[in-house]
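Since every read-out is calculated from the coordinates, none of them should be taken as a lab result. A quick note: this is a predicted structure, and the numbers were derived from the prediction, not measured. Cβ atoms come from the backbone with ideal geometry, glycine included; neighbour counts cover every protein chain shown.
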Amino acid sequence: MPTYEFNCEKCQKNFTLKMKIAEYEKKKFTCPECNSNKVKKKLTAFQTKTSRKS
Ligand SMILES: [Zn+2]
């Protein structure tokens, strides 16, 4: 499952979320720290370096 990076515009916290691509495209995200929905998605390539298979 890919990991996505976000940055909260309110508290400036960076956080990552793991989710399926379909979820990523549909969902709105909130900061786990302050619950703000003013989060920016950081455009990072899929992190394939940790290829853990479950
Ligand atoms: Zn925040």
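Over the Cα atoms, compute the radius of gyration (one decimal) and Dmax (the largest Cα-Cα distance, rounded to a whole number) for the stretch 3-42, in Å.
Reported Rg and Dmax, both Å: 9.4, 27.
Taking 0.36 nm per intervening residue step and subtracting the Cα-Cα distance, what contour gain separates N14 from N37 on full extension?
7.0 nm
With 10 angstrom as the radius, rank F15, F6 by how many other C-beta atoms surround their C-beta, starting from the fewest. Mind showing how you got there, number by number?
On the way: F15 14, F6 18.
Ascending number of Cβ neighbours within 10 Å: F15, F6.
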